[in-house]
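Chemist: Below is one structure. I have some questions about it.
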Amino acid sequence: EAGVAQSPRYKIIEKRQSVAFWCNPISGHATLYWYQQILGQGPKLLIQFQNNGVVDDSQLPKDRFSAERLKGVDSTLKIQPAKLEDSAVYLCASGTDRMYTEAFFGQGTRLTVV
Amino acid sequence: GENVEQHPSTLSVQEGDSAVIKCTYSDSASNYFPWYKQELGKRPQLIIDIRSNVGEKKDQRIAVTLNKTAKHFSLHITETQPEDSAVYFCAASDTNNNAGNMLTFGGGTRLMVKP
């Protein structure tokens, strides 16, 4: 089966600029996650969607980060304005809505803020 | 919320030796504990998982043990090979809390297997 697709793979922006990441989950997966992985650390959940509704966004810095999942399929994560500390890999993952379901990760987008 | 601690942060072993990575979690409601392997520049991939109603699970050279009372779980890799070199992440989730799995990850262990 096709995996989770993310784009772009790499992005370099200056601080205070805006950036958007795109994710296409595995077909049929109801749940979609965005994780932030800072170099040398484990992934940190930013937001979880169930279809097109938000399940949890308690760790999303809402003053600068936003995410949407229109029509319950693709999702975009936006940062506006970016800060130096936002430099990280942004991983999208998807899974079914069953218990104990595996989260399938995309390749990620490596963001560098200079 | 959940907090997952992972040790050691780096582990170097000789090929053929065993490797053990340990994690502790804080939320007693957590009931699902997956382990992910992430090779350099690649996506995290699930290698094994365990549910809270099981104390041990084995899949060929890898095994995971869970101690619910102490709130810790461990990954064991036997007969290590150079291709086992990667960063390993443990994670915990309370699957009763919401649909799907909202995973809290540990900080990762960089395993290096020397030929």
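Only the coordinates and a few stated rules stand behind these numbers; no lab work does. Owing to the predicted nature of the structure, the values given are computational and were not obtained by experimental measurement. In this analysis, Cβ positions are derived from the backbone assuming ideal geometry, glycine residues included, and neighbour counts consider all displayed protein chains.
Chemist: Looking at this model, which pairs from A:LYS15/A:LYS44; A:LYS44/A:LYS78; A:LYS62/B:LYS71; A:LYS15/A:LYS71; A:LYS44/B:LYS68; B:LYS37/B:LYS71 are more than 26 angstrom apart at the alpha-carbon?
Modeler: Working: A:LYS15/A:LYS44 22 Å; A:LYS44/A:LYS78 16 Å; A:LYS62/B:LYS71 32 Å; A:LYS15/A:LYS71 31 Å; A:LYS44/B:LYS68 23 Å; B:LYS37/B:LYS71 22 Å.
Pairs exceeding the cut-off: A:LYS62/B:LYS71; A:LYS15/A:LYS71.
Chemist: Which whole number gives the average, over all residues in B:102-115, of C-beta atoms from other chains lying within 10 Å of the residue C-beta?
Modeler: Working: counts 8, 10, 5, 7, 2, 3, 5, 1, 1, 0, 0, 0, 0, 0.
The shielding value for this peptide is 3.
Chemist: Taking θ as phi - 60°, what are the ³J(HN,Hα) couplings along the range B:43-52 by the Karplus curve (6.51, -1.76, 1.60), each to the nearest whole Hz, with x for Gly and Pro?
Modeler: Working through the residues one at a time gives 7, x, 10, 5, 10, 6, 9, 9, 9, 6 Hz.
Chemist: Counting partner chain Cβ atoms within 10 Å of every residue's Cβ in A:93-99, what's the average? Provide the component values of the computation, followed by the final result.
Modeler: Details: counts 5, 1, 4, 3, 4, 4, 9.
Other-chain Cβ atoms within 10 Å of each residue's Cβ, averaged: 4.
Chemist: When the dipole is taken about the Cα centre of the protein assembly as shown, and only Lys, Arg (+1) and Asp, Glu (-1) are charged at their Cβ, what size is it in debye, to the nearest 20?
Modeler: Values: 25 positive and 24 negative charges, 99 e Å.
For this selection, approximately 480 debye.
Chemist: Where the only charges are on Cβ atoms (+1 Lys, Arg; -1 Asp, Glu), what is the dipole of chain B about its Cα centre, to the nearest 20 debye?
Modeler: 60
Chemist: How many nm is it between the label spots at A:ALA5 and A:MET99, if each spot is 7 Å from the Cα in line with the beta carbon?
Modeler: Placing both labels 7 Å beyond Cα along the Cβ direction yields 3.5 nm.
Chemist: So which aspartates and glutamates pass the test for B:LYS57, namely a Cα distance under 13 Å, with those fewer than 8 places away in the same chain ruled out?
Modeler: B:ASP49
Chemist: Shielding of B:40-50 by partners, i.e. mean partner chain Cβ atoms within 10 Å per residue? Walk me through the intermediate numbers first.
Modeler: On the way: counts 0, 5, 3, 12, 11, 3, 4, 0, 0, 3, 1.
Going residue by residue through B:40-50 and averaging, the value is 4.
Chemist: Which of A:CYS23, B:CYS90 comes first, and how do the rest follow, when ranked by fewest Cβ neighbours within 10 Å?
Modeler: Working: A:CYS23 26, B:CYS90 29.
Placing the least packed residue first, the sequence is A:CYS23, B:CYS90.
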